[in-house]
Amino acid sequence: MTLTHSPIFPGRFLSRSSWLLVFVMALWHVPNAHAQILPVTLQVTAGDYSETLTAADLASWFYLETQLGIETAKRSEVENTNYCPTDPLYCDLSLSRATRLYLSVHLESTVNHQSVENFVTTLATRVNQEPQDASFDVDGSGQIIIGRQEKLGRKLKENESTALMLRALQGESPDATRLTLTTEVTAPKIVGADREKLGLKELVGEGRTNFQGSPHNRLFNIKRALEQFQNILIAPGEEFSFVEYLGAVDSEHGYLPELVIKYNKTEPEFGGGICQVSSTVFRAAIYSGLKITERRQHAYAVQYYKPYGMDATIYIPKPDLKFTNNTPSYILMQSTIDGDNLTFRFFGTKDGRTVTIDGPHILERGSDGSMKTVFTQEVTDSTGQNFIRDSFWSNYKSPSLFPHPGQEPVYTSKPKDWSERQWKEYRAISP
């Protein structure tokens with residue numbers, strides 16, 4: 001038990017046995033010390049969050065201290081006038097026996113600051129929230145509707161809130177039953193009222209891919225990556241970067257290992273299957289008549305991206321998939337999965353453009369699975385004037401050059417289609 005200062009004995013402490021005696025006496029005379037100063041309940045509000053603390057909750061944040069003083073108006077609660085709470089010689093010299101007749105026990109209830117700070121820290125985990133943008137959906141007629149309303153973000157100001165609570169608990173607050181804590185508010189970037197302002201009126205274009213036959217981890221990674229690309233708004237003239245929105249790809253961010261094409265091998269790595277998403281986004285951009293500014297095909301033709309020639313591989317930080325919103329309004333990206341089909345739809349405002357896709361055409365096909373393809377995107381405005389005519393060439397190598405685990409060949413000389421850098425890297429890691 002903690003020793004307590006006695007105000008009539010500066011610099012002295014009560015002994016353990018004496019402190020216990022005084023404490024018991026104090027409790028005998030003031031049995032409900034907490035009830036004298038605490039409200040029955042305290043409602044704490046922060047932003048639109050609120051909770052009510054009971055008297056028992058509040059009482060747990062206090063501790064009692066007993067102190068000896070002198071009250072000449074009444075006789076001492078200590079019946080033994082020879083009692084001295086410290087060294088007897090000190091009492092004989094500084095405290096007369098007559099004075100001891102008026103020793104009084106005082107009980108003080110004090111707020112435990114650490115308990116209040118701990119509560120505020122825990123409360124912050126319930127109060128704090130990130131701002132939530134409004135999201136949009138499409139009704140049965142293809143019109144855009146508000147799918148989810150926006151929410152304000154908030155963050156509890158812990159230091160200020162702790163100070164407010166301490167003042168309230170110490171009786172310094174004008175309202176002892178209600179307390180509003182301070183929060184920092186962050187507005188969402190997109191609100192439902194922006195729908196008309198942003199020009200979100202109709203379907204501009206869409207792209208589709210099929211991932212039938214994908215193993216569990218690949219399906220998982222596809223769905224995880226889609227979380228990064230739902231309800232993205234692309235401003236007029238803005239260049240979209242797939243890698244930028246994708247973010248980190250590892251176990252900490254919820255991805256599983258699955259096959260990817262890397263360093264002349266097909267091997268497991270976190271995020272395998274994300275290219276299903278990038279390839280579908282690429283097709284949606286193509287059919288919406290947007291300007292593609294960066295795209296690369298896979299090293300070899302992959303069955304999930306038929307028709308061959310319309311895929312887009314990505315890897316952090318390169319290669320990336322980029323395109324520019326060349327329409328007069330915002331573009332809203334939304335994705336859906338129906339069975340084995342992944343669809344990306346781009347919504348905005350049609351400006352009278354016409355999009356024509358020629359291909360993809362297979363120009364060459366080797367017996368080893370190598371292939372060359374091409375397709376052309378042609379976009380004309382409402383007057384018939386052509387303003388985009390881009391051809392997308394794909395040169396796929398033989399899949400045998402990128403063996404799966406357990407299929408790796410051992411090379412003793414550099415393959416003719418390898419660069420010196422590839423050969424150097426292979427020699428550095430080969431047995």
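Annotations
- Candidate set: the stretch 227-273, residues that are outside any loop (DSSP other than H, G, I, E, B), at pLDDT 75 or above and among the polar types (S, T, N, Q); chosen: the one nearest to Ala284 (Cα to Cα): Ser241
- The condition of being farther than 24 Å from Ala248 by Cβ, in contact with a helix residue (DSSP H, G or I) (Cβ under 8 Å, 6 or more places away or on another chain) and in the same structural domain as Ser278 (by TED's automatic domain parsing) holds for only one of Tyr300, Tyr330, Tyr304, that being Tyr300.
- Members of the stretch 387-400 found to be farther than 21 Å from Thr280 by Cα and at pLDDT 95 or above, listed by number: Phe387
- Test: residue in the stretch 290-306 that is aliphatic (A, V, I, L, M), over 28 Å from Gly199 (Cβ atoms) and touching a Leu at 6+ places or on another chain (Cβ under 6 Å): no
- Of the residues making up the stretch 203-220, those that are out of contact with any Asp or Glu (no Cβ under 6 Å at 6 or more places or on another chain) and not β-branched (Val, Ile, Thr) are Leu203, Gly205, Glu206, Gly207, Arg208, Gly213, Ser214, Pro215, His216, Leu219, Phe220.
- Applying the criterion of at least 3 residues that are modelled with pLDDT under 85 and more than 35 Å from the chain's Cα centre (by Cα) to the strands (runs of 3 or more DSSP E) found wholly in the stretch 36-78 leaves 62-70.
- Single condition Val191 does not satisfy, out of (1) crowded, with 18+ Cβ neighbours inside 10 Å; (2) modelled with pLDDT under 90; (3) of a type in the set (A, V, I, L, M); (4) closer than 30 Å to Ser141 by Cα: (1)
- Against the numbered list (1) crowded, with 17+ Cβ neighbours inside 10 Å; (2) at pLDDT below 95; (3) among the acidic types (Asp, Glu), Asp311 comes up short only at (2).
- Among (1) under 30 Å from Thr354 (Cβ atoms); (2) more than 29 Å from the chain's Cα centre (by Cα); (3) surrounded by fewer than 16 Cβ atoms within 10 Å (Cβ to Cβ) - the single one Gln212 does not satisfy: (1)
- Close Cβ contacts (under 7 Å, 6 or more residues apart or on different chains) running from residues in the stretch 218-233 that are over 15 Å from Phe346 (Cα atoms) to residues that are of a type in the set (Val, Ile, Thr) comprise Asn221/Ile274; Ile222/Val277; Ala225/Ile274; Ala225/Val277.
- Checked against (1) assigned to a strand (DSSP E or B); (2) closer than 30 Å to Asp338 by Cα, Arg154 passes all but condition (2).
- Selection status of Ile222, surrounded by 18 or more Cβ atoms within 10 Å (Cβ to Cβ), within 25 Å of the chain's Cα centre (by Cα) and not assigned by TED's automatic domain parsing to the domain that holds Gly289: no
So that you can scan it fast, the table gives a plain yes or no per residue for (1) surrounded by 14 or more Cβ atoms within 10 Å (Cβ to Cβ); (2) touching a Lys or Arg at 6+ places or on another chain (Cβ under 7 Å); (3) more than 30 Å from Asp57 (Cβ to Cβ):
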site: Val111; (1), (2), (3): yes, no, no
site: Glu117; (1), (2), (3): yes, no, no
site: Ile145; (1), (2), (3): no, no, yes
site: Asn159; (1), (2), (3): no, no, no
site: Ala187; (1), (2), (3): no, no, yes
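- Flag if Asn395 is free of Cβ contacts under 8 Å to residues at least 40 places away in the same chain, in contact with a strand residue (DSSP E or B) (Cβ under 6 Å, 6 or more places away or on another chain) and polar (S, T, N, Q): no
- Search result, residues across the stretch 144-163 that are modelled with pLDDT under 90 and in contact with a Leu (Cβ under 8 Å, 6 or more places away or on another chain): Ile144
- Residues being among the polar types (S, T, N, Q) and not in a helix (DSSP H, G or I) - total across the stretch 276-317: 4
- Residues of the stretch 346-375 classified as surrounded by 15 or more Cβ atoms within 10 Å (Cβ to Cβ) and of a type in the set (Ser, Thr, Tyr), total: 3
The values are calculated or read from the model by the stated rules, or taken from the named source; none is laboratory data. These figures come from a predicted structure and were not determined experimentally. Here Cβ is always computed from backbone atoms with ideal geometry, including for glycine, and neighbour counts include all displayed protein chains.
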